[in-house]
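In what follows, a structure is listed as structure tokens, so that the remarks can point back to it.
The values are calculated or read from the model by the stated rules, or taken from the named source; none is laboratory data. Worth saying up front: this structure is predicted, and the values here are computed from it rather than measured. Cβ placement follows ideal geometry from the backbone for every residue including glycine, while neighbour counts extend to all protein chains displayed. Quick note on the areas: whole protein, heavy atoms, side chains included, nothing else; ligands and nucleic acids left out. Shrake-Rupley method; radii C 1.70, N 1.55, O 1.52, S 1.80 Å.
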Amino acid sequence: MTVTPRRISVFGATGSIGCNTLDLIARAPDEYRVVALTGGRNTALLAEQARRHRAEIAVTAHADCLADLRDRLAGTGIETAAGAPAIREAAMRPADWVMSAIVGAAGLPPGIAALEQGATLALANKESLVTAGPLMLATARAYGARILPVDSEHSAVFQALGGEDIATVERVIITASGGAFRDWPLDRLAGATPEQAASHPNWDMGQRITIDSASMFNKALELIETKEFFGISPDRIEALVHPESMIHAMVGFNDGGLMAHVGPADMRHAIGYALHWPDRRALPVERLDFAAIGQFTFRPPDDARYPALRLARYVMAAGGHAGAVFNGAKERALDAFIARRIGFTDMARVVEAAMTKLSADSLMNAAISLDTVAHADHLARVAVDEAIGA
Ligand code: NDP
């Protein structure tokens, strides 16, 4: 019996999640037909991926990278394009399963476009739910599309829930490794460099999310993502430091029982789960040896070390465009830290300054659309620049 290949697109193909996704696709090439692959500046890798997977179209985010991408794909018949509108158009091409793995707020428009086609959206881009959760969910409902979480903690919650009634959930605990500085003395944090922050103890991820793990801005985004995706009230969502990164999340039910999702620190588990859902298939990830691991440890997150968690609580309580402001401010502060214009601990300070400045803006409680989210993101970045004194 011949099976029609599933049409797959990968947004952010050249990144850490994108490469892991294509690694799984490459293991069963006859089962998939690759429609669109998108990347940023890494045109060499994007072209190689497009050739290997015989993609219909390869799109770079940057106009100045298009000529290079074209040269690399000359004679292959693979279409090329550049720019954010072209990425969005690529997401309008019919596909059955779409990986959303662009980093940052730029991931939202193609994610919405894919949902509008009725695709199943495997969502790694947590910024989409943080900035526009209600819009994402409403679009999925309106077009009969489905969102499957790929962030490891949210995939873990999804699996631990196992279809149970959300009303029976008493609490959701998402774990955090604690990042690169979990054991540093607090007074050393201000002098931490981008290179030190970008070295994760357990996970191999992109540079930005790794630095966000050290500051716990990543966990802050995930708390908000949990509230938006699962519709769980913020007072039932907790973060817990678990240095081994093997329990990804726990769901506690009203009968006192608790389901924990345990697995290796390998994103191919969560990606593969979303790829094959509702089935489970064998995946090329390590099997844990509990006797060798010996013990799991936990500690409460330290508010002084991780101020981002307090800011996430504010965002969850405020709703509206607070998530878009928080994320835009965080992205700008991260840019400034990577460029060595501000220190590690300044990031939370300037993000909070931006949030405070914009908290009374009339935009905050306006209905959420792509335009209002983009506007909130812009205002947040300007407010961060002001706070930095740029
Ligand atoms: P990477 O930095 O490794 O990759 C990001 C991808 O997005 C690359 O393909 C990059 O292109 C592309 N890109 C960068 N800027 C833009 C832009 N402005 N427009 C379009 N494309 C762009 O990130 P990760 O793979 O680590 O993360 C991707 C998303 O998944 C993030 O939202 C992250 O929070 C989330 N996530 C990641 C996890 C991980 O393990 N890595 C775990 C859970 C969630 P190029 O490199 O060619 O410039």
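Label segment 137-179 by shape, choosing from rounded, prolate and oblate, from the square roots a ≥ b ≥ c of the eigenvalues of the Cα gyration tensor; if a/c is under 1.5 it is rounded, and otherwise prolate applies when a/b is larger than b/c, oblate when it is not.
oblate
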Seminar exercise, completed: Once F290, F253, F158, F326 are ranked on solvent-accessible area with the largest value leading and a 1.4 Å probe, the list reads F290, F158, F253, F326
Seminar exercise, completed: Ordered by number, the trypsin sites (Lys or Arg not before Pro) in segment 52-151 that occupy a DSSP loop and have at most 14 other Cβ atoms within 10 Å are R54
For this session: Starting at the first residue of segment 183-195, write each ³J(HN,Hα) from the Karplus equation 6.51 cos²θ - 1.76 cosθ + 1.60 with θ = phi - 60°, in whole Hz, x for Gly and Pro.
Result: 10, 6, x, 4, 6, 8, 4, 4, x, 5, 9, x, 5
Exercise. Under the Karplus relation 6.51 cos²θ - 1.76 cosθ + 1.60, θ = phi - 60°, what is the ordered set of whole-Hz ³J(HN,Hα) values for segment 135-144, x standing for Gly and Pro?
Worked result: 5, 4, 5, 5, 5, 4, 5, 5, 10, x
Exercise. For the chain, modelled as a GNM with alpha-carbon contacts under 10 angstrom, which of L46, L186, L258 fluctuates the most?
Worked result: L186
For this session: Measure off 7 Å from each Cα along the Cα-to-Cβ vector at V262 and E386, then give the distance between these two points in nanometres to one decimal.
Result: 5.1 nm
For this session: Using packing as a proxy for protection, rank 207-216, 342-351, 60-69 so that the peptide with the highest average count of other Cβ atoms within 10 Å comes first.
Result: 207-216, 342-351, 60-69
Exercise. Tell me, how many Å apart are the Cα centres for segment 289-320 and for segment 167-218?
Worked result: 9 Å
For this session: Give me the percent of the accessible area of the chain that comes from carbon and sulfur atoms, probe 1.4 Å, all protein chains in place.
Result: 51 percent
For this session: At 1.4 Å probe size, with no ligands or nucleic acids counted, give the accessible surface of Y143 in Å², nearest ten.
Result: 120 Å²
Exercise. Does the chain come out rounded, prolate or oblate, given a ≥ b ≥ c as the square roots of the eigenvalues of its C-alpha gyration tensor, rounded meaning a/c under 1.5 and, failing that, prolate meaning a/b above b/c?
Worked result: rounded
For this session: Of the options I78, A105, L135, report the single residue whose Cα projects farthest towards the positive end of the charge dipole of the chain (beta-carbon charges: Lys, Arg +1; Asp, Glu -1).
Result: I78
For this session: Could you go through segment 238-249 in sequence order and give the Karplus-derived ³J(HN,Hα) for each residue, using 6.51 cos²θ - 1.76 cosθ + 1.60 with θ = phi - 60°, rounded to whole Hz, and x for Gly and Pro?
Result: 10, 10, 9, 6, 9, x, 6, 6, 10, 7, 8, 6
Exercise. With Cβ to Cβ distances under 14 Å as the rule, what net charge do the other residues near D377 carry (K, R +1; D, E -1)?
Worked result: -3
Problem set entry | A142 versus D204: modelled label distance in nm, points set 7 Å from Cα along the beta carbon direction | 4.1 nm
Seminar exercise, completed: About its Cα centre, the chain carries a charge dipole, from +1 on Lys and Arg Cβ atoms and -1 on Asp and Glu Cβ atoms, whose size in debye to the nearest 20 is 440 debye
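Just how large is the dipole of segment 1-139 about the Cα centre, in debye to the nearest 20, putting +1 at every Lys and Arg Cβ and -1 at every Asp and Glu Cβ?
140 debye
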Exercise. Hey, if you put +1 on the Cβ of every Lys and Arg and -1 on every Asp and Glu Cβ in segment 115-233, which of G118, I174, W184 ends up farthest toward the positive end of that dipole?
Worked result: G118
Seminar exercise, completed: If every Lys and Arg gets +1 and every Asp and Glu gets -1 at its Cβ, then about the Cα centre segment 177-335 yields a dipole, in debye to the nearest 20, of 180 debye
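Just from its helices, what would the mean residue ellipticity at 222 nm be for the chain, if runs of 4 or more DSSP H residues each count -39500 (n - 2.57) and the sum is divided by every residue, rounded to the nearest 500 deg cm²/dmol?
Working: 16 runs with 175 residues, N = 390.
Helix contribution divided over all residues of the chain: -13500 deg cm²/dmol.
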Exercise. What's the FRET efficiency of R280 with C19 using the Cβ-Cβ distance as r and R₀ = 25 Å, to the nearest 0.05?
Worked result: 0.65
Exercise. How long is the gain from H62 to D235 if the chain were fully straight, where each residue apart is worth 0.36 nm and the alpha carbon distance is subtracted?
Worked result: 58.1 nm
Exercise. GNM, the chain, Cα, under 10 Å: largest mean-square fluctuation among V157, V169, V34?
Worked result: V169
Exercise. Hey, rough spin-label estimate for D335 and R299, points 7 angstrom out along Cα→Cβ, what's it come to in nanometres?
Worked result: 3.5 nm
Exercise. Taking every DSSP beta bridge that has both residues in the chain, what percent is antiparallel when rounded to the nearest 5?
Worked result: 25 percent
For this session: Just subtract the alpha-carbon distance of R313 and E89 from 0.36 nm times their residue separation and send over the number in nm, one decimal.
Result: 77.1 nm
Problem set entry | Computed lengthening from D361 to L186, 0.36 nm per intervening residue step minus Cα-Cα distance | 59.6 nm
